[in-house]
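J.: Okay, handing you the structure first.
The values are calculated or read from the model by the stated rules, or taken from the named source; none is laboratory data. All figures in this text were calculated on a predicted structure; none of them were measured in a lab. FYI the Cβ positions are ideal-geometry reconstructions off the backbone, even for glycines, and counts take in every protein chain you see. Keep in mind that these areas ignore ligands, DNA and RNA; they rest on the heavy atoms of the full protein, side chains included. Shrake-Rupley method; radii C 1.70, N 1.55, O 1.52, S 1.80 Å.
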Amino acid sequence: MPYNTEEIKKIEAKWQEVWQERGTFKVDMDADKEKYYVLEMFPYPSGKIHMGHVRNYTIADVIARFKMAQGFSVLHPMGYDAFGQPAENAAIKHDTDPAKWTYACIDQMRTELKRMGFSYDWDRELATCDKEYYRWNQWIFLKMAECGLAYKKASPVNWCPSCETTLANEEVIQGECWRCKSEVTQKDLEQWYLKITQYNEKLLEDLKQLEYWPARVIAMQENWIGKSYGVNIHFKLKGEGDVITVFTTRPDTIFGATYVVLAPEHPLVEGLIKGAENEREIRKFIDEVAKETRSARVTGEAGKGGVFTGRTAVNPVNGEAIPIWIADYVLMEYGTGAIMSVPTHDQRDFLFAKEHGLPMRIVISDPQNPEMTVKNMACAYEEEGALVNSAQFDGVNSDEAIEAIGKWMEQEGTGEMTVHWRLRDWLISRQRYWGTPIPFIYCDACGTVPVPEGQLPVELPENIKITGEGGSPLDHCAEFIHVACPKCGAQARRETDTMATFFDSSWYYLRYCSPKDGGNVFDKAEAAYWMTVDQYIGGIEHAILHLLYSRFFTKFFKDLGLVDFDEPFHRLLTQGMVLKDGEVMSKSKGNTVDPDSIIAKYGADSLRLCILFAAPPEDQLEWSNGAVEGAWKFLNRIWNLVEKRYKAVAQGSDAPLGGQDKDLERDRNATIKKVTEDIAEGYKFNTAISSMMILMNKVDKYKVEEGSDQAQGVLNRTVGSIVLLLSPFAPHICEELWQKMGGQEASVVEVPWPQYSEEALKQDTVQIIAQVNGKLRGKFDIGVESSEEEVKELVLADKKIQEFVQNKPVKKFIYVPRRLVNLVV
RNA sequence: GCGCGGGUGGCGAAAUUGGUAGACGCGCUACUUUGAGGGGGUAGUGGCCGCAAGGCCAUGAGAGUUCAAGUCUCUCCCCGCGCACCA
C-alpha cells in the first residue's frame, strides 16, 4: 500500500476519529501530574483557516504533543473570538443574521482545524458571542464599574467614519483605523472608558518579570506606556491671574526658554486671543489646523506653522517676559498641551524659532565646541554639557541640573516634579451591534444604573436588521431599549453601545480552565491549577493591543482576589509571517495558498512537516510548493521503510553490538538526544527534523543480512524511535505506523518519549582536524583516549603535514582535545 | 531620530557558542530503473585555477583582537519591523 493521496486521506480521517472517540486530548485537573498550558491566540471565525493559522497552531501542537509524551497534563484548548464587525458586514452583504453567519463560520472552521489533526480538548471549545461567555464580560464590566475602573466621560474621541464607531488609542495605527485603514477623525462624545492607567506603574514594572517574552514586544509595550519624568512649570500671564503650565523633561534648559507655545486646542487660547490685534488671522490659523488630519499634522516636516498671540508670559526663574505663540507642532493630547520653547537645545524649537525670527539663548555649552554661538549653530545642541547663562546653576552639568533645578523649582513654588504617562484610558464603547451589550441602564430619576448581577446576561436581541446605516442597530430596537429602572421601576433606557471585542479576548485564557462553570467567571481552583499559560503563541500584531489588555485584566483579577499571579503568559512566542513571493500572504494581495488544497493532495502531516522544516518559528517563512513535496517524500520514505523493512523478529540477544550495528545504535541515541533538546531548548523544529532525516539516510545504508535477528532488531528499534520522535510533527502517519509495528497503545501520545543512553553515545574513535597556521591541512581518526603527546606524534609524522611544516620549527602546538590541533610554524 | 531584529550558495536554511563554513532540504546536472509520464536509485552541485591530486578565494564593506573569527571589538553600508513634532 503506497503512501498516496487516497491512503493519506484514509489514515488521517481514521486517526482524527479515533482521537475524537477516545477523547485522547481531554484533560482534567490532576494534582499528581505536572501541568502544562499551551495556548495559541484564538482565531476570528472567518470560516476558512489560512496559512498563518496553520503555522501558529502547528507550532503549538508540536509543543503540546511533546509535553504529553513527556507525561505532563497538557491543557490545549481552542475557541473563537467571535464578536466583531466582519459578521455585521457579512450580514449586510448576504442579507443574513450576524449570529447565523458567525456560527456557520465556526462550524466550518472547526472542521478545518480538525482536518489538521491538532490535539485540542474540544470539550473546552468556546465562542465569545455565546451568551454564556459574554454574560461574564458583563459581570467583569460591572465589577470594574464598582471599583471605579469602568466609567463614562465626555471627551474628544477617535472616530472611524467608515466603521461608524469610536476607537481606542491602541486601535489607531498611524492615524488610521486598524481594521479598515480609513483616516480616523476626532469627535466629542460621551463614552465608556476602562481605567487602564490605574495600572500604568504595574504594567510597566511587571514587564521585568517577562523574561521569556521577545525583547521586541517588551520594548513596544514600554514605548506605549511611555513613562517620562519631568517638571510642570508655571508661567504667569503678564498682568493677570491666569497661568500656563508647561511640561518638560528638560528643566535644565529653563533659563534658555525664549517663548511659550500653546496647542491650538488649548483651553486658554480663547481668552488670550479675544480682542487681539490680529485676532482674525489667529482664528484663521486655528481653523486651518483643525481641518488638518492628525497624520498630516504629525508628519508635517514642511515647516512649523504658528502665530503670535500678542501676549507675553513670565518665565518664573528669571522674571523675563516672553512671547506666547500658538503652533500646530504642539499637541493637546501630550503633556499639558503647552511647551516652553528652548530653540538652542531642542531641534523642533530651533526650526520654529528660525522660521519666525524668535530669540535664542545658549544655556548649555558643548564641551566639543566651545566656540558655539547662537549665530553659528546649524542645529540645536541636544547633548549634555555645563550650564551657562543660568544664574546660580552656571557650571553645573546638565544631567545633574535636571534634578537640581526640578527640586529648586519645587521649593520656590514655580513648578513641581512630575511623571508623565503616554498610556491613556481605554475607550471601550462601540456603536455596533455584534458585541457584548454594556450592562447599564439610564433612568431619568436615578441616573446611570448598573444592571443587577441577577439579571445578567443582557442579551443581544436576535433577528435584527443590519443595514449599515443610521448608527447602531440597537438604537432602533425598541424592545431592547425600553426597560424598567432596576432601582425605581420607572420607564428607563438601556445603554445601546457594545463593548470593544478586545474586552472578550482579554480573559478567555482563564475561561478555558473551567469553560462550563455556570456560576463563576472562572473556577478559582481550576485557574490556580492551570494558570499561568506556560506557552502562548501568536502574531506580533498583538504586541500591544491584546497583550497589554490581557495583562491589565489579570492585574484586576488579582486585586479582586480571583487569581494570585501578576502576569498571565509566562512564555510568549511570536511566530513569523507566511510569505508568498516575498510578500505577506493576504486576501487583499490575492497571493494566498489555501491550506485545504495542500491537505487534499499531500495530507495534513506533510503540510505540518513542511511548515516546521522550512524556517525557525520566529522567522518569516517563504511558502514553496516544492517544500511540501519534500516533506511528503520524507514521510513516504518512512512509510516504505516500515512496509518493506520492518519485520517482527525474536528479540536479539543482549550481546554487545559491534560494527555497523553499534554505529546505528549510537546514531539512534544521538538523534533522540538532538531532537529532544531541539524541541525543548528553543523550539528548533527545523533542525530537529533535519536530524531525523539524517538518521533516515543512515538507515537506508544499513544492511540487514537475511536471518540476522540482531541486525533486524537494531533496525526495528531505530525505526520505532523515528516514528515516536516524528509523532508530534506528523501525528497521523506515526499513529498508523506505530500500530502497524504492533504498538498496543491506543495512541502514540501514551507512549513515553524515547530516552537515550549516554553509554550508547560513547565513541571509540573521533576525527580531529589538523591545521598548520590556522589552515586545514588534514584529518585524523584518533582513539578517544589518545593523549596530547600521541596526537602530536601522529600528526607530525604525517607526510602532508610535513610538506606544510617544511622543517620550520613548530613555535606553538595547540591542542583542543577531540577536536583539533593547530601547528604554528 | 529612537528601539528591536537581520545581512551566509540559484533558493529555504545549518554551524557543537571562538575550532572542518554551507549540515538537512528544495532546485539543478549526469547516469540509471520504467513501455512512457510520475516516482525510485547512484553520483555531482559556493567561486576561481587544474585532466587530476590539489591549491587559492569566500559568511554586507573595512579595520582590530586571537594559534584560530560567520561567531568577539570598533567604524561604515544595506534590509525588515515597531514607535515618533512625546516637549
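J.: To the nearest 0.05, what FRET efficiency results for A:GLN411 and A:GLU681 with a Förster distance of 51 Å applied to their C-beta separation?
T.: Values: r = 56 Å, r/R0 = 1.10.
Working from the Cβ atoms, E equals 0.35.
J.: Hey, another quick one. Determine the distance separating the Cα centre of segment A:598-668 from the Cα centre of segment A:115-184; give it in Å without decimals.
T.: A separation of 44 Å, based on Cα centres.
J.: Residues in segment A:236-254 near a label at A:ALA404, defined as backbone nitrogen under 19 Å from the 7 Å Cα→Cβ point?
T.: A:249-254
J.: Let me ask something else about it. Evaluate E = 1/(1 + (r/R0)^6) for A:SER690 and A:GLU211, where r is the Cβ-Cβ distance and R0 equals 41 Å; express this FRET efficiency to the nearest 0.05.
T.: Efficiency computed from Cβ-Cβ geometry: 0.90.
J.: Just to verify a number: what accessible area does A:GLU479 come out at with the full protein assembly present, 1.4 Å probe, Å² rounded to tens?
T.: 150 Å²
J.: For A:TYR259, A:TYR815, write out the residues from largest to smallest accessible area, computed with a 1.4 angstrom probe and no ligands counted.
T.: Result, largest first: A:TYR815, A:TYR259.
J.: Further question on the same structure: Need one number: nm distance between label points at A:ALA746 and A:LYS284, each 7 Å from Cα along Cα→Cβ, rounded to one decimal.
T.: 8.3 nm
J.: Still on this structure: Suppose the chain between A:GLU706 and A:ASP619 were pulled fully straight at 0.36 nm per residue; how much longer would it get relative to their current alpha carbon spacing?
T.: 26.6 nm
J.: Can you give the calculated 222 nm mean residue ellipticity of chain A, where each DSSP H run of n ≥ 4 adds -39,500 (n - 2.57) and the sum is split over every residue, rounded to the nearest 500 deg cm²/dmol? Mind showing how you got there, number by number?
T.: Details: 26 runs with 304 residues, N = 825.
After summing the helix terms and dividing by the residues of chain A, the value is -11500 deg cm²/dmol.
J.: Given labels modelled 7 Å from the Cα in the Cβ direction, how far is it in nm from A:PHE813 to A:ASP475?
T.: My value for the distance between the label points is 9.1 nm.
J.: How charged is the neighbourhood of A:VAL825? Take every other residue with its Cβ under 10 Å from the Cβ of A:VAL825, and add Lys/Arg as +1 and Asp/Glu as -1.
T.: With Lys, Arg at +1 and Asp, Glu at -1, the neighbours total +3.
J.: Full-extension gain between A:LEU331 and A:ALA445, please, as 0.36 nm times their residue separation minus the C-alpha to C-alpha distance.
T.: Between A:LEU331 and A:ALA445, full extension yields an extra 37.1 nm.
J.: Hey, another quick one. Modelling each spin label as a point 7 Å along the Cα-to-Cβ direction, I'd like the A:ASP581/A:VAL825 distance in nm, to one decimal.
T.: Here the modelled spin labels are 5.8 nm apart.
J.: Please list, by residue number, everything in segment A:90-120 whose backbone N is under 19 Å from a paramagnetic label point 7 Å out along Cα→Cβ of A:LYS601.
T.: A:116
J.: Below 10 angstrom from the Cβ of A:ASN591, what's the summed charge of the other residues (Lys, Arg +1; Asp, Glu -1)?
T.: The answer is +1.
J.: Shifting gears a bit: How high is the relative contact order of chain A, in percent, counting Cα pairs under 8 Å that sit 6 or more residues apart?
T.: Relative contact order for chain A comes out at 14 percent.
J.: Quick one: which residues, 5 or more positions from A:VAL825 or on another chain, have an amide H under 5 Å from its amide H? H modelled 1.01 Å from N in the peptide plane, none for Pro or chain starts.
T.: Counting only residues 5 or more places away or on other chains, the set is A:ASN773, A:LYS811.
J.: Now, a different point. Can you bin segment A:411-461 into rounded, prolate or oblate? Criterion: square roots of the alpha carbon gyration tensor eigenvalues sorted a ≥ b ≥ c, rounded for a/c under 1.5, prolate for a/b above b/c, oblate for the rest.
T.: Judged from the Cα gyration tensor, segment A:411-461 comes out prolate (a/c at least 1.5, a/b above b/c).
J.: Please report the orientation-averaged projected area of segment A:218-350, defined via the convex hull of its C-alpha atoms, in nm².
T.: 8.8 nm²
J.: What are the ³J(HN,Hα) values, in whole Hz, obtained from phi via the Karplus relation 6.51 cos²θ - 1.76 cosθ + 1.60 with θ = phi - 60°, for each residue of segment A:224-231 in sequence order, with x given for Gly and Pro?
T.: Residue by residue, segment A:224-231 yields 5, 5, x, 7, 9, 8, x, 10 Hz.
J.: Determine how large the accessible area of A:MET372 is when every protein chain is in place; take a 1.4 Å probe and give Å² rounded to the nearest 10.
T.: The value for A:MET372 is about 30 Å².
J.: Next question. Given H placed 1.01 Å from N in the peptide plane, which residues other than close sequence neighbours of A:GLU618 have an amide H under 5 Å from its amide H?
T.: Under 5 Å from the amide H of A:GLU618: A:GLY576.
J.: A further question on this structure: Quick one: what are the phi-derived ³J(HN,Hα) couplings along segment A:447-455, Karplus 6.51/-1.76/1.60 with θ = phi - 60°, whole Hz, x for glycine and proline?
T.: Karplus-based 3J(HN,Hα) across segment A:447-455 equals x, 8, 10, x, 5, x, 3, x, 8 Hz.
J.: For A:ASN223 and A:GLU643, what is the calculated FRET efficiency with R₀ set at 51 Å and r taken between the beta-carbons, to the nearest 0.05?
T.: 0.35
J.: Using a 1.4 angstrom probe on the protein heavy atoms only, line up A:ARG432, A:ARG250, A:ARG608 by accessible area, largest first.
T.: A:ARG250, A:ARG432, A:ARG608
J.: Residue by residue through segment A:237-249, which ³J(HN,Hα) values in whole Hz follow from phi under the Karplus form 6.51 cos²θ - 1.76 cosθ + 1.60 (θ = phi - 60°), with glycine and proline marked x?
T.: Residue by residue, segment A:237-249 yields 7, 4, x, 10, x, 5, 10, 9, 9, 10, 10, 9, 9 Hz.
J.: Taking a probe of 1.4 angstrom, what is the accessible area of A:THR448 in Å², to the nearest 10?
T.: Surface accessible to solvent at A:THR448 totals approximately 70 Å².
J.: Sort A:ARG297, A:ARG22, A:ARG55, A:ARG422 by heavy-atom solvent-accessible area, probe 1.4 angstrom, most to least.
T.: Solvent-accessible surface, decreasing: A:ARG22, A:ARG422, A:ARG297, A:ARG55.
J.: In addition: Once amide H atoms are placed 1.01 Å from N in the peptide plane, what residues at a sequence separation of 5 or more from A:TRP623, or on another chain, have their amide H within under 5 Å of its amide H?
T.: Counting only residues 5 or more places away or on other chains, the set is A:LEU579, A:LYS580, A:ASP581.
J.: If you stretched the chain out fully between A:SER155 and A:GLU759, how much longer would it get, using 0.36 nm times the residue separation minus the C-alpha to C-alpha distance? Kindly include the intermediate steps, with their values, before the conclusion.
T.: Details: separation 604, 0.36 × 604 = 217.44 nm, distance 7.17 nm.
Answer, rounded to one decimal: 210.3 nm.
J.: When the C-alpha atoms of segment A:1-77 are aligned to their principal axes, what extent does each axis show, in angstrom, from largest down?
T.: Here the spans come out as 43, 33, 20 Å, largest first.
J.: Something else now. In Å, what Kirkwood hydrodynamic radius results for segment A:413-510 from the alpha-carbon pair distances?
T.: This gives a value of 15.8 Å.
J.: Okay, moving on. Normalise the Debye intensity by I(0) for chain A, one equal point scatterer per Cα, no solvent, then take log10 at q = 0.08, 0.10 Å⁻¹ and round to two decimals.
T.: Normalising to I(0) and taking log10 leaves -0.90, -1.13.
J.: Please report, as a whole percent, how much of the solvent-accessible surface of chain A comes from carbon and sulfur atoms (probe radius 1.4 Å).
T.: 49 percent
J.: Additional query: How high is the relative contact order of segment A:565-683? Use alpha-carbon pairs under 8 Å, at least six apart in sequence, and give a whole percent.
T.: 24 percent
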